[in-house]
Amino acid sequence: MTSAGEPLVTPAPRPYALVAELTYRCPLACAYCSNPLELGDASTELDTATWGRVFREAAELGVLQVNLSGGEPLARSDLEALVAEARASELYVNLITSGIPADAARLERLTRAGLDSLQLSVQDTDAGGAAWIAGRDANESKLRTAATARSLGLPLTLNVVLHRGNIARVPAFVALAEELGATRLELANTQYLGWALENRAALLPSRSALEEARRVAREAAERLRGRIEVLFVLPDYYADLPRACMDGWARRYLVVTPNGLALPCHQATSITTLEWQNVREHALPAIWHESPAFRAFRGEDWLPEPCRSCERRAIDFGGCRCQALALTGDVTATDPACVHAPRHDLVVAARLRADAGSEPVPEAPRPLLKLRRRAAG
Amino acid sequence: MIDAKARVRLAARVRLRFDRRSGKVVLLYPERGLELNESGARIAELCVETRGVGELIELVAARVSDAPRAVIERDVLDFLNALDARGLLEVTRS
Ligand code: SF4
């Protein structure tokens, strides 16, 4: 019931985190990269002042944390200024980096500019494995970056994307996190969208490998409680019930791409039926509150069956829109990762193939694997 | 468990700030944030520098004169242990 004076539209929820994709330039070319299949070129990247405005507008919307990400954010020569801008807006500033190049003097400048924490990606502890998945082995540079972060007192998170090629090495990732003095270890299975979907046959682990990894991660989380926060994220394909992707569409997260598109998630440009607005032309609060694309799948009102009459609808909001689109061709379909989804068969079939291919991962080079194209610049 | 003899301080990765939107003090750390209630905020603010837990209890007691001492002591220890379980506290145990 709506009486006069009450708003007709439910107010938008408050976003807590901004993912600022500063550039698509990157020294690595990971086969599961979450950047879009088509990358823009460096000349169209937002400039320092525009990012400064985006940070202020995000803070005004209620955002508390910013992840400076990419690509590789160290490729931006104005990163120090961007960190300072984000801090000036009182944001908690996380740098999401490959650790390449390892540059101690620069990390020190970034820390002085107000960087709060550093998240380092680790592709593999095995050099051959790292080269297989990312096109090159950069572990030496990563270890040096971690050591520098530590000596600067910068809190360190290790982020590992798990897949068929490295999932057996979860014990080694845990040991590395302990050795490097990390305060958080993210063991996040690949989610099969974009590049990862292209490479799914080579990347999706078997159920037994996944279960073993999960067991090791659980044991480590227990043992390291209070010292290292260990996070294990299942691939949707084995979860049976979907996650609330990004905590729900346009609910907690905002992503801004290198060239200024505001999105509810990294992959959203794959949804070409929605019109994505650019922060160059619109203020972030206007996009968040009013843009049709942000409102398209917000909340529960748009949900199809079986979600509409499911008790989990306010928990997972029908799962991931990009995954629904990529697998079924229908962006409004129930996420096929869900056991109740009409097209759950698609996920089951992929899983069965992963279990059937139980032979060890072949040595690099592996022709099946498509590496993300390196962006120019 | 933290007892009155330990010395504590917020971990380096923690940043406390006032959140105008909620009117609350929030405790931020990588990828997460906790919105603190009034009593949590009072204790957390005192933990910005290293203090003995005994001293901390005294300081809190001096600020909330209307609560029984035993309640304050339990509140402080519960809060500190909750932070410690999340790795948000540097603790020196004697
Ligand atoms: S049917 Fe829809 S709401 Fe229910 S669990 Fe599956 S995806 Fe979630």
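Throughout, read-outs are computed from the coordinates displayed, never taken from laboratory work. As the structure is a prediction and not an experimental result, all values here were calculated from the model. Quick reminder, even Gly has a Cβ in these numbers, built from the backbone with ideal geometry, and neighbours come from all protein chains shown.
Please get the size of the charge dipole for the protein assembly as shown, origin at its Cα centre, with Cβ charges of +1 on Lys and Arg and -1 on Asp and Glu, quoted in debye to the nearest 20.
Working: 59 positive and 61 negative charges, 103 e Å.
Result for the protein assembly as shown is approximately 500 debye, rounded to the nearest 20.
Here the Karplus relation 6.51 cos²θ - 1.76 cosθ + 1.60, evaluated at θ = phi - 60°, turns the backbone of region A:336-343 into coupling constants of x, 5, 7, 4, 8, 5, x, 10 Hz, with x for every Gly and Pro. Over region B:7-87, what is the relative contact order in whole percent, taking alpha-carbon pairs under 8 Å and six or more residues apart? Result for region B:7-87 is 26 percent.
Each label was represented as a point 7 Å from its Cα along the Cα-to-Cβ direction; for A:Trp302 and A:His282 these points are 1.3 nm apart. Averaging the sequence gap over all C-alpha pairs within less than 8 Å and six or more residues apart, then dividing by the number of residues, gives chain A a relative contact order of 21 percent.
Give me the percent relative contact order of region A:168-291, please, defined on Cα pairs under 8 angstrom at least 6 residues apart. Each step should come with its number before you reach the end.
Numbers: 112 pairs, mean separation 26.2, N = 124.
Here the relative contact order equals 21 percent.
Rounded to the nearest 0.05, the FRET efficiency derived from the C-beta distance between A:Ser208 and A:Val233 at R0 = 25 Å is 0.85.
Tell me whether chain A comes out rounded, prolate or oblate; compute the Cα gyration tensor, take square roots of the eigenvalues as a ≥ b ≥ c, and use a/c under 1.5 as the rounded threshold.
Numbers: a/c = 1.58, a/b = 1.07, b/c = 1.48.
Here chain A falls in the oblate category.
Only four residue types carry charge here, +1 at the Cβ of Lys and Arg and -1 at the Cβ of Asp and Glu. Report the dipole size of region B:7-87 about the Cα centre in Debye, rounded to the nearest 20.
With Lys and Arg at +1 and Asp and Glu at -1, about 340 debye.
Tell me the trypsin sites (Lys or Arg not before Pro) within region B:60-94 that lie in a loop according to DSSP and have at most 11 other beta-carbon atoms within 10 Å.
Numbers: sites: B:Arg63, B:Arg69, B:Arg74, B:Arg86, B:Arg93; in loops: B:Arg86, B:Arg93.
Those satisfying the criteria are B:Arg93.
Working note: Karplus 6.51/-1.76/1.60 with θ = phi - 60° gives region A:43-51 the couplings 5, 9, 5, 4, 8, 4, 5, 5, 4 Hz, where Gly and Pro are set to x. Under 18 Å from a label point 7 Å along Cα→Cβ of A:Ser77: give me every residue in region A:106-132 with its amide N that close. Only A:106-107, A:109-110 pass the distance filter.
Rounded to the nearest 500, what is the protein assembly as shown's calculated 222 nm mean residue ellipticity when only DSSP H runs of at least 4 contribute -39500 (n - 2.57) each, over all residues?
On the way: 17 runs with 166 residues, N = 471.
About -10500 deg cm²/dmol.
For region A:11-72 and region A:277-356, write down the distance between their C-alpha centroids in whole Å. If we compute the Cα centre of each part, the gap is 22 Å.
In this label model, A:Glu275 and A:Ala201 are separated by 4.0 nm, measuring between points 7 Å along each Cα→Cβ vector. Model label sites at B:Ser65 and A:Glu311, defined 7 Å from Cα along the beta-carbon direction, differ in position by 5.2 nm.
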